[in-house]
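Accompanying notes for the structure given below.
The values are calculated or read from the model by the stated rules, or taken from the named source; none is laboratory data. Keep in mind that this is a model prediction, so the values were computed, not measured. Note: ideal-geometry Cβ built from the backbone for every residue, glycine included; neighbour counts use all protein chains shown. Remember, those area values only see protein heavy atoms, side chains included, never the ligands or the DNA or RNA. Shrake-Rupley method; radii C 1.70, N 1.55, O 1.52, S 1.80 Å.
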Amino acid sequence: MPSFDSAAISKLIIWMVAVTWPIGLLAAWIWRRRWLERYERQGEATSEEILDELEKAWATRRTLLIRTSTEYLPFVFERIREIVDSGFEDKQMLSLLERIDYHPPNEERQAVFPVEVKGRTVDLHLKWARDEGDRIRLRVTAAPAIIRALREQKKKIPKAAITD
């Protein structure tokens, strides 16, 4: 059995700690620096990614004004439901028709429904007011596809019902 000198072993341990301590600190500093760079770089995006994100977030919207009597509103709302993929269901449409029916004259009200059109989520913003003659002035702000369909629907409303 070989004999070990305790003084030599203690010097060896001291030298190992003295050498590995700075190497460990250097490795930790490099690792931290790389991790911070990678973390900060996660927020960066290419210009194409930014433009795609803006296009999704800021969908174009158009506005259309429809003046009609309350009896034609279900046809208008049904046309909206034909265009949207999801978001304007039967329950919401019936509730909106009921709100408009019980709406007092000369007050403006509004409702906003998040709907999906062609895979894009947009807001369907409806603003209406009723006059004493039971006619409704409905302003619809929505995606261009919905507005195009409503323009076609507006042509089908009898002109006698559209009194200004």
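Inspect segment 24-35 for any residue being touching a strand residue (DSSP E or B) at 6+ places or on another chain (Cβ under 8 Å) and either modelled with pLDDT of 90 or more or at negative phi (or both) and give the result as yes or no.
No: segment 24-35 contains no residue that is touching a strand residue (DSSP E or B) at 6+ places or on another chain (Cβ under 8 Å) and either modelled with pLDDT of 90 or more or at negative phi (or both).
Restricting attention to segment 135-153, report how many residues are open to solvent by 70 Å² or more (accessible area, probe 1.4 Å), touching a strand residue (DSSP E or B) at 6+ places or on another chain (Cβ under 9 Å) and either assigned to a helix (DSSP H, G or I) or at pLDDT below 85 (or both).
Counting residues in segment 135-153 that are open to solvent by 70 Å² or more (accessible area, probe 1.4 Å), touching a strand residue (DSSP E or B) at 6+ places or on another chain (Cβ under 9 Å) and either assigned to a helix (DSSP H, G or I) or at pLDDT below 85 (or both) gives 3.
Which of (1) farther than 29 Å from LEU54 by Cβ; (2) surrounded by 16 or more Cβ atoms within 10 Å (Cβ to Cβ); (3) free of Cβ contacts under 8 Å to residues at least 60 places away in the same chain; (4) in contact with a Phe, Trp or Tyr (Cβ under 7 Å, 6 or more places away or on another chain) is the odd one out, the single condition LEU124 does not satisfy?
(1)
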